[in-house]
Each structure stands twice: as C-alpha cells, then as structure tokens.
Amino acid sequence: MKKQRLVVVGGGSTYTIGMIMSLIEEKAHFPLKSITFYDTSAERQEKIAKAAEVILKDKYPELESFHYTTDKEEAFTNMDFAFVQIRTGGLAMREKDEQIPLRHGVVGQETCGPGGMAYGLRSIGDMIEVVNDIRHYAPDAWILNYTNPAAIVAEALRREFPEDTKILNICDMPAAIMVSYAKILGKEIWDLVPEYFGLNHFGWFTDIFDKEGNRLTDDIKNAITKEGFLPEDSEIVNDPSWIKTFKQVETMLHDFPDYLPNTYLQYYLYPGDMTAKEDISNTRARQVINGREKRVHELSDTLTANQTTEGADLEVDIHGCYMIRVAASLAYNTRDTFIVIVENNGIISNMPSDAMVEVPAALSSDGPKPFAVGEIPRFNKGLMEGQLAFEQLVVDGYYENSYNKLLQALTLNRTVVDAPTARAVLDDLIEANEGYWPELR
Ligand code: NAD
Ligand code: G6P
Ligand code: MN
C-alpha cells in the first residue's frame with residue numbers, strides 16, 4: 001500500500017486534534033508517509049500543531065514527518081491529499097451570521113438561510129485561492145473539502161474549476177446520523193449501506209440496508225417513533241444543542257413519514273420554532289467558543305506542557321474517520337460507498353443536471369461513481385428546487401456582484417420568505433461583512 005502525503009488546510013481548526021486521532025485509528029486503511037498543517041494564522045495553528053506533535057510521537061512513531069507552516073509552497077508541494085477545513089472570518093463572524101437574522105425574527109444558523117449565505121460569500125474567494133494554490137504545487141492531489149457552507153462552496157468550485165475531477169466536497173452529517181442508526185440496530189456504521197438523496201444539509205435517507213441486503217429502514221423508523229432519536233457520535237453525544245436537534249427528527253418523521261430526514265431540515269420545516277428557541281446572546285457560535293474551542297485549546301496546552309498523551313482525554317469521532325475512509329477509497333480504489341456531493345448529471349432524473357447533489361457513490365481512483373436515484377417525489381423535489389435556486393443565486397450574486405441576486409436568494413429561502421425582511425437582513429449582513437464580501441452593485 002502506497003503511503004500518502006497529507007496536508008491539512010486549516011491546521012488550526014477545532015477539528016484537527018480529532019482528525020489526528022482518526023488518522024491514527026485508521027492507519028491500516030490510510031497509511032501516511034507525512035502530515036503537514038497549513039493555516040493562514042500561525043498562532044492559531046501552532047497551538048494545535050504542538051499538541052499534534054506530542055500525540056503523533058506517542059501513537060504514530062512510524063510516520064516519517066510531521067510539520068506545520070504558513071508557506072504555501074512548503075505546504076502543498078508533492079502532496080497526495082489535501083483535507084480542507086477553513087473558516088473565513090472565524091467563529092467571531094459565525095456569531096454575527098447567527099445573530100443578525102435572529103434580530104429580524106429569522107433563523108440564525110451557520111449554513112442555513114441568511115447565515116449560510118453570509119458564510120458562503122466569505123468562503124468562496126478563499127476556497128478558490130486555496131484550490132489554485134494546491135493545484136500550482138500539487139497538480140494531481142486529491143482535494144477533499146469540507147469547508148462550509150459546503151453546498152455553496154461546492155457550487156462555486158464547480159463553476160470555477162469545471163475540468164478539475166479531483167475535488168470532492170463532503171459533509172459528515174449523514175454519517176453522524178448513521179452512527180445513531182447503527183446504535184439503534186446494534187451494528188457498526190460501516191455495516192450499513194444507505195440510500196439517500198438531497199442537497200447538502202437538505203436531504204433524506206430513503207432506505208438503510210445491511211451488507212447482506214436486509215432492509216432495516218422500518219426498524220429504524222419504528223425505534224425513532226417509539227423511543228426518539230439521540231446523537232451517539234462521541235463529538236456530539238453530550239451536547240445539549242445536538243441532543244435537541246436529533247430529538248427534532250422524531251417530529252419530522254411524524255409529520256413526513258416517507259423518508260428519514262437529515263437533521264438540518266429542521267431549519268426549513270420549522271423555522272418559527274427554531275427562531276423562538278434561540279438565545280441571541282448564546283447562539284451556537286458562542287457555545288462552540290465556550291465549548292469545543294475552549295476544550296480543544298486547553299487539551300492542546302496540557303499535551304504540550306506534559307509532552308505525553310498519558311491521562312489526556314483523546315477521542316476518535318466520525319467526522320475524521322469518515323473523511324479518512326473516503327480518502328482511502330479514492331486512494332486504493334476500494335469503491336466503497338459514501339454519501340458525497342457531486343454534480344447531478346441525471347442521478348436524480350427530475351432535478352437539473354448542473355445541481356450539486358448529495359448522494360451515495362462508489363469512490364474509485366477515477367473519482368466518485370454515484371448510483372442512480374431516479375425520480376424523486378413532488379414534495380422533496382419542490383423543497384429542493386427552492387433551496388437549489390437559493391444556493392445558485394448566492395453564487396450568481398458573488399460572481400455578478402449583484403445585490404438583486406442576493407435579495408432574490410433570501411426572499412425565496414424558506415427561512416425568510418418575506419421580501420422586506422430579506423432586504424433588512426441583507427443590508428445588515430452587508431455592513432457586518434465589509435471586507436469579506438464582494439462589493440455589491
Ligand atoms: P476554526 O475557525 O476553528 O478553524 C478554521 C481554521 O482555518 C483556523 O485555524 C483559521 O485560521 C484557518 N483559516 C481561515 N482561513 C484560511 C485560509 N484562507 N487558508 C488557510 N487556513 C485558513 O473552524 P472549525 O469550527 O474548526 O471549522 C473548520 C471548517 O470545517 C469550517 O468551515 C466548518 O464549517 C467545517 N466543517 C464542516 C463539516 C462538514 O460536515 N462539511 C464538519 C465539521 C466542520
Ligand atoms: C455538522 C455538520 C457540519 C457543521 C457542524 C457544526 O457536523 O455536518 O457541516 O460544521 O455540524 O457543528 P457545531 O457543533 O460547530 O455547531
Ligand atoms: Mn455538514
């Protein structure tokens with residue numbers, strides 16, 4: 001098995017330590033020659049990197065090299081894989097994305113509705129630069145992107161790099177949901193084969209099978225109806241906000257029993273409830289700053305001070321393992337099935353061919369080979385068409401510097417609907433995002 005050279009773009013991310021633990025856990029599936037971190041913030045990255053060094057020394061002694069840099073050439077030259085996890089504007093801007101819509105009585109969420117639009121318009125430029133830089137120094141590297149909002153980023157990268165067949169956008173939410181299905185069924189996530197369609201953060205499991213071909217969908221639905229639904233992945237299992245979100249699946253399944261919903265549909269199907277339950281001074285960004293970020297930074301400082309992993313609370317989560325198994329399937333042509341984001345091209349036969357859709361695909365060394373979904377029902381199609389138009393209008397707005405396109409996008413988003421509200425939210429977001437967004441006309 002060829003050993004891979006990996007660069008993690010956004011080395012200072014709160015997910016990096018978890019990713020390192022997953023790389024260790026998965027080393028038999030995805031053996032590494034070297035790991036490099038790249039970040040635009042030397043300081044943010046160094047804190048994490050120093051801790052990663054301690055972990056790798058203890059648990060990955062056969063790794064030939066680990067280093068971190070803010071130099072693009074050093075970071076990208078000769079890489080086989082780039083995992084991209086950047087956040088333009090940081091968690092401080094995430095907080096504004098969540099608070100500004102809420103002030104207007106609208107859902108304030110990182111990737112959905114106005115917050116997702118704001119984050120998307122910040123991410124696109126940086127993501128295009130990152131891909132250009134990687135391609136300059138590593139023309140053949142696989143670029144696995146999970147930078148959010150993945151739907152909008154994927155659409156922009158599709159337009160910017162139409163010929164590039166080695167960029168793959170991925171989300172961990174379907175996998176995190178499958179971890180909970182596996183728990184219900186008393187199985188491992190890797191034993192399950194999903195049938196799924198949608199857009200990113202906007203889709204449904206139509207069926208779940210095991211590897212022997214047994215259909216387990218009704219077992220899962222019955223269990224959720226009787227006992228509710230909870231997060232099980234280590235990263236979110238004890239998080240009150242994620243527990244609430246998973247519980248909402250029971251309501252969604254009660255109202256729309258045909259398919260098992262992605263948790264993110266709650267923002268589009270119950271925008272009123274989602275807005276009402278928020279505390280504007282403690283939105284998700286604040287919870288992450290006081291929660292995951294604080295925890296990861298403290299853990300890193302302790303590891304660096306002690307120079308050992310002994311006694312450290314280090315966990316493997318599905319986020320890292322999923323990305324790594326995706327990478328392994330591409331690298332070694334194992335053609336395992338994963339839910340990924342790809343251009344539709346007829347997969348969902350009654351959706352536009354240029355839509356970036358989220359569907360299961362066999363991942364080969366020649367890229368994702370998605371399975372046909374066929375025609376989807378009117379309800380799901382109607383919802384998806386509105387959301388797709390929103391995503392595409394946001395990207396149009398970016399390329400055309402168009403205020404009108406962004407106003408149209410927000411007006412047709414299910415979390416907004418009312419045109420005067422859309423305008424008021426947009427005007428506040430423009431002010432808050434000065435220097436991050438393109439100039440609008
Ligand atoms: P974070 O702010 O902690 O980490 C992001 C890092 O990226 C920071 O260290 C920052 O300095 C760095 N960065 C910012 N712009 C950069 C650039 N242009 N080039 C290189 N580095 C840059 O954020 P986080 O909460 O850890 O999340 C990281 C990203 O992963 C976010 O985009 C988040 O939405 C995404 N994410 C996606 C999924 C998914 O399902 N697709 C799951 C988890 C996280
Ligand atoms: C899920 C989604 C990601 C998102 C994350 C946010 O994993 O799939 O796209 O980044 O949740 O989680 P947080 O705990 O930061 O709100
Ligand atoms: Mn996601």
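Taking only the stretch 152-165 into account, find how many residues are open to solvent by 30 Å² or more (accessible area, probe 1.4 Å) and either within 16 Å of ligand 2 (Cβ to nearest atom) or in contact with an Asp or Glu (Cβ under 7 Å, 6 or more places away or on another chain) (or both). Final tally of qualifying residues: 1.
Whenever a residue of the stretch 293-318 is farther than 19 Å from residue 46 by Cβ and of a type outside the set (Phe, Trp, Tyr), its partners that are open to solvent by less than 30 Å² (accessible area, probe 1.4 Å) and in a loop (DSSP other than H, G, I, E, B), lying with C-beta atoms within less than 8 angstrom and at least six residues away or across chains, give the pairs 317/233; 318/233. When each of 96, 59 is tested for being closer than 27 Å to residue 437 by Cβ, open to solvent by 60 Å² or more (accessible area, probe 1.4 Å) and either more than 12 Å from ligand 1 (Cβ to nearest atom) or out of contact with any Asp or Glu (no Cβ under 6 Å at 6 or more places or on another chain) (or both), the lone residue that passes is 96.
Restricting attention to the stretch 230-279, the residues that are surrounded by fewer than 21 Cβ atoms within 10 Å (Cβ to Cβ), of a type in the set (Phe, Trp, Tyr) and within 21 Å of residue 218 (Cβ to Cβ) add up to 1.
Please go through the stretch 18-41 and pick out each residue that is of a type in the set (A, V, I, L, M, F, W, C), under 21 Å from residue 145 (Cα atoms) and open to solvent by 10 Å² or more (accessible area, probe 1.4 Å). Within the stretch 18-41, 21, 24 meet the criteria. Within the stretch 317-339, being at pLDDT 95 or above and in a loop (DSSP other than H, G, I, E, B) holds for 333, 334, 335, 336.
Under the condition of being open to solvent by 30 Å² or more (accessible area, probe 1.4 Å) and either within 15 Å of ligand 2 (Cβ to nearest atom) or in contact with a Lys or Arg (Cβ under 6 Å, 6 or more places away or on another chain) (or both), the residues counted in the stretch 134-151 number 1. Given the criteria open to solvent by less than 10 Å² (accessible area, probe 1.4 Å), assigned to a helix (DSSP H, G or I) and within 22 Å of residue 287 (Cβ to Cβ), does residue 48 qualify? Against the criterion (open to solvent by less than 10 Å² (accessible area, probe 1.4 Å), assigned to a helix (DSSP H, G or I) and within 22 Å of residue 287 (Cβ to Cβ)), residue 48 qualifies. All of (1) in a loop (DSSP other than H, G, I, E, B); (2) surrounded by fewer than 22 Cβ atoms within 10 Å (Cβ to Cβ); (3) within 16 Å of ligand 1 (Cβ to nearest atom) hold for residue 187 with one exception: (3). Every test in (1) buried (at least 16 other Cβ atoms within 10 Å of the Cβ); (2) away from ligand 3 (no atom under 16 Å from the Cβ) is passed by residue 71 save one, and that test is (1). Checked against the criteria, residue 53 counts as open to solvent by 70 Å² or more (accessible area, probe 1.4 Å) and more than 24 Å from residue 147 (Cβ to Cβ).
The set of residues in the stretch 319-336 being of a type outside the set (D, E, K, R) and either touching a Cys at 6+ places or on another chain (Cβ under 8 Å) or touching a residue at least 40 places away in the same chain (Cβ under 8 Å) (or both) consists of 319, 320, 321, 322, 323, 324, 326, 327, 328, 330, 331, 332. Here residue 175 does not fit the description of being free of Cβ contacts under 8 Å to residues at least 60 places away in the same chain and open to solvent by less than 10 Å² (accessible area, probe 1.4 Å).
The values are calculated or read from the model by the stated rules, or taken from the named source; none is laboratory data. Just so we're clear, the structure is a prediction, and the values are computed from it rather than from any experiment. When we count neighbours, we look across all protein chains shown, and the Cβ atoms used for this are built from the backbone with ideal geometry, even at glycine. Calculation scope for accessible area: heavy atoms of the full protein, side chains included, ligands and nucleic acids excluded. Shrake-Rupley method; radii C 1.70, N 1.55, O 1.52, S 1.80 Å.
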